[in-house]
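What follows is a short report on a single structure.
The values are calculated or read from the model by the stated rules, or taken from the named source; none is laboratory data. Treat the numbers as computed from the prediction; the structure is a model and nothing was measured. We place every Cβ from the backbone using ideal geometry, glycine too, and count neighbours over all the protein chains shown. Note: areas computed on protein heavy atoms with side chains; ligands, DNA, RNA excluded. Shrake-Rupley method; radii C 1.70, N 1.55, O 1.52, S 1.80 Å.
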Amino acid sequence: MLDTKGQPYIQPLLDTTADTFVKWHLSANVVTGIAVGIGIMASVWIYVDLIWLGLVFLWLSGFLDAVDGTMARKTKPSALGTVLDVTFDRVVEGGIILVLAIKYPEHAVLLLILMFSILIAMTLFLTIGNVAPNSGKKSFHYATGLAERTEGFLLLSIMVIFAPTWLFWSTLLFIIIEVLSTVLRFAAFAKEEREGHERT
């Protein structure tokens, strides 16, 4: 939701950064690789208790992840870039959750449930993106939802900052938001499909 709502406000910064990287002869795929590398380092910093450095790396990774899409649209989007982008997003998120499960094994089951909820959410998201007609700027139909990348980063940040005291409740909140977002996304798609059949 925040990704979609905040796009008009953040886009000028994304455009400026993307234009700079293009002038430096960087490709969108290279920036995607840099973003995932920084995201993996975020997990490493969090594991060794350099929490704030880890969070800076996490959010920098997320910013570059948004920049690479802008670069692709300004140059030449590729199917490979889309695959790398979506896959590496999950690597970064999964890395943070995995590190928290290792550091706080008493919450490992709940964190595993969170991973499962993200798996289901992404399966639905990508399936809808594959079968629904695409009229947007992205390389496939982007089904907006209650929880998008920014909400995920906010919740991951809360989990990291307040672990272990509030890790149970913040993880549970993430699961509830993820499940609710999945249900609402499916309901919106089903409604569009039903209305489409009624018009034909």
Of the residues that sit in region 141-176 and are under 14 Å from the mean Cα position of the chain (by Cα) and at pLDDT 95 or above, which one is farthest from residue 61 (Cα to Cα)? 174
By residue number, the members of region 88-103 that are touching a residue at least 12 places away in the same chain (Cβ under 8 Å) and open to solvent by less than 40 Å² (accessible area, probe 1.4 Å) are 89, 92, 93, 94, 95, 96, 97, 99, 100
Those residues of region 52-87 which are closer than 9 Å to residue 39 by Cα and open to solvent by 40 Å² or more (accessible area, probe 1.4 Å), in sequence order: 57, 59, 60
Looking at region 118-137, can you tell me whether even one residue there is at pLDDT 95 or above, of a type outside the set (A, V, I, L, M, F, W, C) and under 25 Å from residue 26 (Cα atoms)? no
